[in-house]
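Computed from the coordinates by the stated procedures, all read-outs in this text should not be read as laboratory data. Here the structure is a predicted model, which is why all the values come from computation and not from measurement. Please note: Cβ atoms are built from the backbone with ideal geometry, for glycine as well, and neighbour counts cover all protein chains shown.
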Amino acid sequence: MPMIEEILERIRSGEMKPSEHLEEKIEVLEHREPELNAFITKTVDLAREQAKEIDKIVESGGGEAFYGLIWGIKDNFALKGIRMTCGSKMLEDYIPPYTATPVQKILDNHGVILGKLNMDEFACGSSGETSYFGPTRNARDPEYVPGGSSSGAGAAVAAGIVDLALGSDTGGSIRNPASFNGVVGLKPTYGLVSRYGLADLAMSLDVPGPLAPDAYGIALAMDVLQGFDSKDRVSARRKLPFLESIDSFDPEHVRISVSESLLNGVDPAVRKTTEHVIRFFESKGVEIVDVDLPDIWAAFPTYYLVMYPEFASAMQKFDGIRYGHRVDASTLYETVAQSREEGFGKEIKRRITMGTFISMAKNAEWYKLALRARTTLLHMFENAFKQADIIVSPTVPTLPFKLGERINDPVKMYMADALTVPANLTGIPAISFPAGWKGRLPIGVQLMGPRFTDHILVSAVRFFEKEGKQWSE
Ligand code: GLN
């Protein structure tokens, strides 16, 4: 797969027009999409119109930052006038009247949008199998799941259908499919990218972010996506130097942690890949420090206690009256009940039930306990970052699994998130990058850093891409 820099160079130098690049991508789409099911809505006509416009702009010397690079957008971001389903029957016919901030930024910077990407229903899932529009398949081996919930994003980038994709991450939904498909995915610091126009899963955890074939693509995307937005109450007034510092990773001045508590019980190949990455950095002069993360086990139960009630509350608006699939019944109560019964899939109902249960006054203690645990985790990471600049872990404890293997075992499915949820609970940035292979199956490794060090993580991945080698067995 050509790297993002090469594609940009060919367009900038006039060797290839944006519209020619698009036609190449449409060919890949036609070839791969029937098997992968990575898209819910294709916007080929719109993309052709955009690319033609960008041809002219590039010809006259403009076109930055994206010069007609091809984007896919996870289907929980609004693009005005184009159906947005969130992977649910509930929103099968929903046409948003406005465009999400990150999507608008992509358009303003001459990105071409080829379509809205498949996803687990309302972003609830780790495998890409709960979409009302059918499962997506892994781009490296179609018998395997692509990971979730940004399943279409992971698969479409890995298959080379799109150059870049916009995903969202509440508990791992960018990093998990990046890991399972062998691409790079960044969950930015909470608040660094605006959530305006993203359908909430859990608003205190959600953050939009990019998936790309390489670190350069992530940096290019983040320079555009980041930045303050008055329409998002938690938006940060910060901008980080992504492209500017991409090649400035200095191994002599970085401390990387290895923590046994993040390697406990993981698949042997995943463990070997993670250790391989640590040894690589060590061989380049990085100081490796042992960091204890004694409370890390608490992240997993805490995530579910926080996420369920926030999710149940976000779902209340889908009543078939103002929003969503509608079943007309004889009473108002029955209309709402039946609309929700028909519109939502099984995992969504499970989460609404759990969230409502946890929110009941008599269960308030649990929620309070979860909030306290969240603070404990925050302090634990603050302490850890006094000793190390970057914490390394596997992204997912296991290799990609086969389609259907875990879908009826929610606890097993949830286990996939054990190592990704800590970053969401504490708001810190985390990146997953391809670091190993077991046969045809990619293995991702995760780097976490203190808040607003996203650009340093990207430069560390770039350094590995340039100087390191992927592990394989
Ligand atoms: N897999 C996790 C969940 O099901 C995370 C989802 C996400 O990040 N959107 O909640």
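Look at Met448, Met203 and count the other Cβ atoms within 10 Å of each Cβ; fewest to most, that gives Met203, Met448.
With the highest mean first, a sort of the peptides 85-93, 7-15 on other beta-carbon atoms found within 10 angstrom per residue produces 85-93, 7-15.
Ordering Trp71, Trp366 by the number of other Cβ atoms within 10 Å of each residue's own Cβ, fewest first, gives Trp366, Trp71.
Taking only the C-alpha atoms of the stretch 103-201, Rg followed by Dmax gives 12.7, 38 Å.
Among beta bridges from DSSP that stay inside the stretch 3-138, the antiparallel ones total about 45%.
So which lysines can Lys105 reach, going by Cα to Cα under 17 Å and dropping same-chain residues fewer than 8 places off? Result set, ordered by chain and number: Lys74, Lys80, Lys116, Lys231, Lys239. Residue by residue, the stretch 198-204 carries 3J(HN,Hα) couplings of 9, 6, 4, 9, 9, 5, 7 Hz when phi is fed to the Karplus relation 6.51 cos²θ - 1.76 cosθ + 1.60 (θ = phi - 60°); x denotes Gly or Pro.
Computing FRET efficiency as 1/(1 + (r/R0)^6) for Asp290 and Glu244, where r is the C-beta to C-beta distance and R0 is 30 Å, gives about 0.40.
In whole Å, what is the distance between the alpha-carbon centres of the stretch 66-132 and the stretch 208-279? After rounding, the separation between the Cα centres reads 23 Å.
Backbone geometry of the stretch 178-187 corresponds, through the Karplus equation with coefficients 6.51, -1.76 and 1.60 at θ = phi - 60°, to 3J(HN,Hα) couplings of 5, 4, 5, 9, x, 10, 9, x, 10, 9 Hz, x marking Gly and Pro.
If you take all other residues with their beta carbon under 13 Å from the beta carbon of Glu287, and give Lys and Arg +1 and Asp and Glu -1, the sum is -3. With contacts taken as Cα pairs under 8 Å at a separation of at least 6 residues, the chain carries a relative contact order of 17 percent.
As a proxy for reagent exposure, ranking Arg462, Arg271 by other Cβ atoms within 10 Å from fewest up yields Arg271, Arg462.
Working ranking of peptides 391-404, 223-236 by packing, defined as the average number of other Cβ atoms within 10 Å per residue, highest first, is 391-404, 223-236. Think of it as helices only: each DSSP H run of n ≥ 4 in the chain is worth -39500 (n - 2.57), and spread over all residues that comes to -12500 deg cm²/dmol at 222 nm. Note on the stretch 166-304: Kirkwood radius taken over Cα pairs, Stokes-Einstein applied at 4 °C and 1.567 mPa s, translational D equal to 76 µm² s⁻¹. Within the chain, what percent of beta bridges assigned by DSSP are antiparallel, to the nearest 5? Antiparallel: roughly 65 percent of the beta bridges in the chain. The packing ranking of peptides 107-115, 320-328, highest mean first, is 107-115, 320-328, where packing means the average number of other beta carbon atoms within 10 angstrom of each residue.
Which value does Rg/Rh take for the chain over its C-alpha atoms, Rh per Kirkwood? Over the Cα atoms of the chain, Rg/Rh equals 0.96.
For Gly436, the amide hydrogen comes within under 5 Å of the amide hydrogens of Ile443, Trp471, counting only partners 5 or more places away or on other chains and with H modelled in the peptide plane.
Per residue, the convex hull spanned by the Cα atoms of the stretch 292-361 amounts to 96 cubic angstrom.
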